[in-house]
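Written below as structure tokens is the structure these notes are about.
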Amino acid sequence: MRRRDFIKVVACSAITWPFAARAQQPAMPVIGVLGGGSLDTGAERLRAFRQGLGETGYVEGNNLAIEYRWAAGRYDRLATLAADLVRQQVVMITATSIGPTLAAKAATTTIPIVFIVSDDPVRLGLVASLARPGGNVTGVNLYSVELTAKRLELLHELVPTAVRVAVLINPASVEYNERIMREVEAAARGIGLQTQVLKAGTIGEINAAFATFARERPDALFVGQDAFFNSRRTQLVHLATHYAVPASYFGRDFAEAGGLMSYGPKITDAYRQAGSYAGRILKGTMPADLPVVQSTKFEFVINVQTATVLGLTVPPQLLASADEVIE
């Protein structure tokens, strides 16, 4: 081989080798996140999810890509969004509430699914048992439904003169509503409260539900857990203040936004745990081998400033029991 030809071969090899090496590198895994709310209202929760992924060595944009699909309260779109993630051939799906989880489970029996749900996943038919989920599904149980009675009791303790409590639910969450209403009504009977059910699944329906307060005048409001309600928490808190109705919410996001009080699981911790499970599955662990995690961290938050606006005096014992008091 002539010297000039040899140099050309070496030069071409130097140019093409890096590209060939890169082509041989494994493709970055892509996971899906399916939620019933919206991205802008779930930023803190997603940070916790990414933290959990980071604990297992995965960083979005570095060695992992995430496809997000949000229903923005349109639960009728969840099946389509889940099917789209399956078509994208994501290697796993994280579903952030009951509706998205049921949609994901219906869309695939092979892609691993990590859920975050507020009701018993065995009763929902998601897993065979908490210890041995079986199949392609596992995740975190928030225990929110089980806290219903306690949340109502705390509201009554803050508003001891209350007789009638309005309960706001999203009609799109049919199965969850049946369970939550049984819990609410049983707890209400136990402390001598009457309940009035209000349904809202759109922004306009939320406004219409609160408009009834002008004539109905309930003594307090119990807001059911729902991804759409969380995405509309500013609206809900503003209307509760406008109509001077003491309200109890399911997450600290509401109290931070000006809501009177919240009691429920520490949701960011659940998202971190879900992220950790997602990372373990990416490393090869089968969902069937990961027991369902049950929430053990709960938060009671009181917004004293809002209580003052509503003319309420927070009992000292209630302040002492709160995990956080927002002045």
Does any residue of the range 174-197 turn out to be within 17 Å of Thr41 (Cβ to Cβ) and either assigned to a strand (DSSP E or B) or out of contact with any strand residue (DSSP E or B) (no Cβ under 7 Å at 6 or more places or on another chain) (or both)?
no
Which condition does Leu168 not pass, out of (1) closer than 30 Å to Leu319 by Cβ; (2) in a loop (DSSP other than H, G, I, E, B), if it passes all the others?
(2)
Within the bounds of the range 132-143, is there any residue that is touching a residue at least 60 places away in the same chain (Cβ under 8 Å), under 26 Å from Phe49 (Cα atoms) and basic (Lys, Arg)?
yes
Can you tell me which of Leu154, Leu124, Leu130 is in a helix (DSSP H, G or I) and over 16 Å from the mean Cα position of the chain (by Cα)?
Leu154
Quick check on my filter: what residues within the range 51-79 are within 14 Å of the chain's Cα centre (by Cα) and either of a type in the set (D, E, K, R) or farther than 14 Å from Thr96 by Cβ (or both)?
Arg69
Strands (runs of 3 or more DSSP E) contained in the range 210-267 and holding at least 1 residues over 30 Å from Gln51 (Cα atoms):
220-223, 247-249
Can you tell me how many residues within the range 198-209 are part of a helix (DSSP H, G or I) and basic (Lys, Arg)?
0
Do we have Phe210 as of a type in the set (Phe, Trp, Tyr), assigned by TED's automatic domain parsing to the domain that holds Ala186 and in contact with a Gly (Cβ under 9 Å, 6 or more places away or on another chain) here?
no
Which condition breaks for Thr94 when tested against (1) over 16 Å from Ala274 (Cβ atoms); (2) of a type in the set (S, T, N, Q); (3) in contact (Cβ under 8 Å) with a residue 12 or more places away in the chain?
(1)
Between Arg232, Arg215, Arg182, which is under 20 Å from the mean Cα position of the chain (by Cα) and not hydrophobic (A, V, I, L, M, F, W, C)?
Arg232
Suppose we filter the range 134-143 for residues that are buried (at least 24 other Cβ atoms within 10 Å of the Cβ) and either on the phi > 0 side of the Ramachandran plot or assigned to a loop (DSSP other than H, G, I, E, B) (or both); how many remain?
2
List the helices (runs of 4 or more DSSP H) that sit entirely inside the range 39-112 and contain at least 1 residues that are at pLDDT 95 or above, in the same structural domain as Ala200 (by TED's automatic domain parsing) and buried (at least 23 other Cβ atoms within 10 Å of the Cβ).
none
In the range 286-294, is there at least one residue being surrounded by fewer than 18 Cβ atoms within 10 Å (Cβ to Cβ) and under 24 Å from His156 (Cβ atoms)?
no
So Leu312 clears everything in (1) modelled with pLDDT of 95 or more; (2) touching a helix residue (DSSP H, G or I) at 6+ places or on another chain (Cβ under 8 Å); (3) crowded, with 21+ Cβ neighbours inside 10 Å except one condition, right? Which one?
(3)
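The values are calculated or read from the model by the stated rules, or taken from the named source; none is laboratory data. All values derive from a computational prediction rather than experimental measurement. All Cβ positions, even for glycine, are placed from backbone atoms using ideal geometry, and neighbour counts span all protein chains on display.
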